[in-house]
Amino acid sequence: MKTVILASQSPRRQELLGRILDDFIVRCDTSEEVKIPGEAPEIMVQRLALTKAKNVAKMSCEDALVIGADTVVVLEGRVLGKPKDEEDARTMLTSLSGREHTVYTGVAVLDTATGAEETMIEGTKVRFKVL
């Protein structure tokens with residue numbers, strides 16, 4: 001059986017994968033996430049998920065399936081990045097208050113033995129309560 005490697009340090013992703021697999025390895029891609037100006041958010045998350053999986057696969061010598069993922073929040077066509085600090089987080093949450101936004105997640109699975117790769121994108125509309 002192949003080893004499964006999760007290319008993410010997200011505790012939530014680790015928890016979700018742990019619900020379906022008893023045994024997997026966590027290895028994080030520490031390279032900088034490069035944003036391409038004008039790139040559609042759904043394409044960006046797909047590309048970043050695959051990049052994370054490929055970077056971790058390069059560090060792995062075992063026969064494995066590497067899972068990479070990336071998620072962004074989009075409000076009125078603008079990608080909201082990770083908050084820089086508590087004040088930035090407060091500003092972001094306030095901007096989402098009482099409004100609808102879209103959350104895009106890209107997932108990539110890479111087989112280190114064959115180089116085969118699969119990607120998917122999911123977009124979800126989310127309405128925030130008024131804060």
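The values are calculated or read from the model by the stated rules, or taken from the named source; none is laboratory data. Fair warning: this is a prediction, and the values are worked out from it, not measured in the lab. Cβ coordinates were reconstructed from backbone atoms using ideal geometry, including for glycine residues, and neighbour counts include every protein chain displayed. Side chains are part of the model used for accessible areas, which takes the heavy atoms of the whole protein and leaves out ligands, DNA and RNA. Shrake-Rupley method; radii C 1.70, N 1.55, O 1.52, S 1.80 Å.
Annotation: of all residues in the range 103-119 being without any contact (Cβ under 8 Å) to a residue 40 or more places away in the chain and in a strand (DSSP E or B), the one that is surrounded by the most Cβ atoms within 10 Å (Cβ to Cβ) is V103. Scanning the range 69-94 for residues that are of a type in the set (D, E, K, R) and surrounded by 12 or more Cβ atoms within 10 Å (Cβ to Cβ) gives D70, D88, R90. One residue stands out in the range 25-60 among those that are touching a helix residue (DSSP H, G or I) at 6+ places or on another chain (Cβ under 7 Å) and crowded, with 17+ Cβ neighbours inside 10 Å: the one that is nearest to T102 (Cα to Cα), namely D29.
When the residues of the range 121-131 are filtered to those that are in contact (Cβ under 8 Å) with a residue 24 or more places away in the chain and surrounded by 10 or more Cβ atoms within 10 Å (Cβ to Cβ), which remaining residue is farthest from T3 (Cα to Cα)? Out of the qualifying residues, it is F128.
In the list R12, R19, which residue meets the criterion of being open to solvent by 60 Å² or more (accessible area, probe 1.4 Å) and more than 28 Å from L131 (Cβ to Cβ)?
Values: R12 fails: more than 28 Å from L131 (Cβ to Cβ).
Only one candidate passes the filter, namely R19.
For the range 1-46, taking the residues that are part of a loop (DSSP other than H, G, I, E, B) and among the small types (G, A, S), the one that is modelled with the highest pLDDT is identified as A40.
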